[in-house]
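Visitor: Below are the structure tokens for one structure; questions will follow.
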Amino acid sequence: MSRGAALVLLVVLGIGAFLTGLELMVTAVALPAIVVDLASWSELRKASWIVNAYLLTTVVVMPIAGRLADRWGVRRLFLGGLALFAVGSALAGAAPSLDLLIAARVVQAVGGGVLVPVATAAASHLFEGPARPRALGAIGALTFLGMAAGPFVGSTVLAAVHPADALASAGLPAPVLGALDAPWRYVFYLNVPIAVAALGLAWAAAGGWDTPRTPRRIDLLGTGLATAGLAALLVGLTLGGSSQVEGLAVDPGLVVGGLVIAGVVGLGLGLMLASARGGPLLDPRWFRSRAFGSAVAVSALTGYAFATAIIGGAVFVDRVLYGGPDVQRVALGSLALATAAGAFGSGLVLRVAGPRLTTLGGLALAVLALWRMSGWTPATTLGEVAVSLATFGLGFGLTVTPRSTAAVEALGREAFGIASAIVTVAREVGMAVGLAVLTAFGSTVIDQLGTEVYATPDAYKAFIPVALRDRPLRDGLVVQALERWASGEAATILVGIFLVAAAVLAVAVVPTIALERGWGVRIGRHGGPRWAEDGADGTILGA
């Protein structure tokens, strides 16, 4: 393939990654409008699965997509993923009910789950030597750039698109009118022309090109069991600490614990069964490469911290600074944009500094940012919040390309797809664990504080200034005093959460040291590949 065609195809692969990242964030903005149009606020917990179903399905599909990319080649799989994503987007936009919208989101997520690992694998095949980290950095940057654009795209579409009056005068049939009148529907419809255009470009640019195919079989029974186990584990972690399982006849803790245990058991049995039957989804021998095992560990640990920064930052802006959606977009937008910049820049820095120093530099920035975030108080300004989140995002972004490059180089061409998928899934599992810990700890402390404030009719007086204690609970000054107290308590809760995340990132330093040792191919300062032996068994792993 010519360099020009390869660059065009890289742009198309980046568009696929961008759309996947966009859908993670854009729907959250439209969720209130969807609830009002298709359901009611009493169904908010059910409506939250519009977001959760997409995220969980995407993560579950990624390992299978990565394995199929190595077996079938990336071209057909990427084209199929784009087409399925476009179909799912159209179905989601036209959904007449909440249930059908969630089902359409699952279809959309299957396509999205294919795009990221296959795009990463395709970029790894397209580019060699020092160009490979830059290409992988571009894919990672566009994924996070999509996340950054999500809130802005969602709010812009909701504000600008109001077709109801024009459609009503057009005399359209009721079903067609119902599928076109609400602004939130265009949040999904927007994906369709972009995906179709990318599909045409990919078809033209990749004509006559595909990646090598491996003859290895895939054990369907073991893969199915492992996939079900991963799904159960992620659902359990997502529900952990939340109130979404309340109202059942059994203890919510038993539901969450049962899902997590079933997930771990199912995942373990499925992997062992597939390995024993000769079609492993994940081969334990891959972890003999310290570079690959380290990349997976770094991805999981940084994913935990990333979830803490996103959710912790959003909670601080909302509950401590009492900022609305516009303020949250500024704060979280700075995080996502800096992450995208760091991911793209890491592909350039990697050529000079190598994977170990690049990742260590990113971890240092992220730990510094979390330490600064642990000092946030109600007096902290939005500018300080944005700078701290941007610093964290830049540091996290610098770790993206080294771990992806180390993983694909360690396993070599025959496993580019599954290597990129496993690293991405490790990050998502780390994020799920971080979210579960944050919600479990936060909700527990908040429940305890609420119990103390309302324990007796006069209990609230212990939490307000003495001068206000002769006033009733609903007095405006008392309400303001309780809000100031609550914001201070929320900031105090977040101190511990941010410090734990900083400690987790500090632990990531240990596997980072092994990123360079045993890396199949290391990029030299002058662009030449430097072959390295894997310390585990003396064999050379790499492309």
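Visitor: Residue check: is Ser404 crowded, with 19+ Cβ neighbours inside 10 Å and modelled with pLDDT under 90?
Guide: yes
Visitor: Please state which one of Ala340, Ala390 is crowded, with 24+ Cβ neighbours inside 10 Å and within 23 Å of the chain's Cα centre (by Cα).
Guide: Among Ala340, Ala390, only Ala340 is crowded, with 24+ Cβ neighbours inside 10 Å and within 23 Å of the chain's Cα centre (by Cα).
Visitor: Can you list residue pairs whose Cβ atoms sit under 7 Å apart, with the first residue in segment 87-99 being free of Cβ contacts under 8 Å to residues at least 60 places away in the same chain and the second being buried (at least 18 other Cβ atoms within 10 Å of the Cβ) and of a type in the set (Asp, Glu)? Count only pairs 6 or more apart in sequence or on different chains.
Guide: That search, which allows pairs on different chains as well, returns nothing.
Conditions tested, residue by residue: (1) within 26 Å of Gly333 (Cβ to Cβ); (2) out of contact with any Gly (no Cβ under 9 Å at 6 or more places or on another chain); (3) among the small types (Gly, Ala, Ser).
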| site | (1), (2), (3) |
| --- | --- |
| Thr27 | yes, no, no |
| Ala30 | yes, no, yes |
| Ala47 | yes, yes, yes |
| Ile50 | yes, yes, no |
| Tyr54 | yes, no, no |
| Val61 | no, no, no |
| Ala65 | no, no, yes |
| Leu68 | no, no, no |
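Visitor: Separate question: Of all residues in segment 272-299, how many are surrounded by 21 or more Cβ atoms within 10 Å (Cβ to Cβ), under 24 Å from the mean Cα position of the chain (by Cα) and assigned to a helix (DSSP H, G or I)?
Guide: Selection size over segment 272-299: 8.
Visitor: While we're here: With at pLDDT 75 or above and either exposed (fewer than 14 other Cβ atoms within 10 Å of the Cβ) or under 30 Å from Ala305 (Cβ atoms) (or both) as the only criterion, which of Ile497, Ile523, Ile446 stands out?
Guide: None of the others qualify; the one that does is Ile497.
Visitor: Looking only at helices (runs of 4 or more DSSP H) that fall completely inside segment 125-218, which ones have 2 or more residues that are free of Cβ contacts under 8 Å to residues at least 40 places away in the same chain and either β-branched (Val, Ile, Thr) or not assigned by TED's automatic domain parsing to the domain that holds Thr405 (or both)?
Guide: 131-160, 164-168, 174-178, 191-205
For every residue, the table says whether it meets (1) of a type in the set (D, E, K, R); (2) modelled with pLDDT of 80 or more; (3) closer than 30 Å to Gly207 by Cβ.
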| site | (1), (2), (3) |
| --- | --- |
| Leu126 | no, yes, yes |
| Pro133 | no, yes, yes |
| Leu142 | no, yes, yes |
| Met147 | no, yes, no |
| Pro151 | no, no, no |
| Gly154 | no, yes, no |
| Val157 | no, yes, no |
| Leu177 | no, no, no |
| Leu180 | no, yes, no |
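The values are calculated or read from the model by the stated rules, or taken from the named source; none is laboratory data. For clarity, every value in this text was computed on a predicted model and none was experimentally measured. Cβ atoms come from the backbone with ideal geometry, glycine included; neighbour counts cover every protein chain shown.
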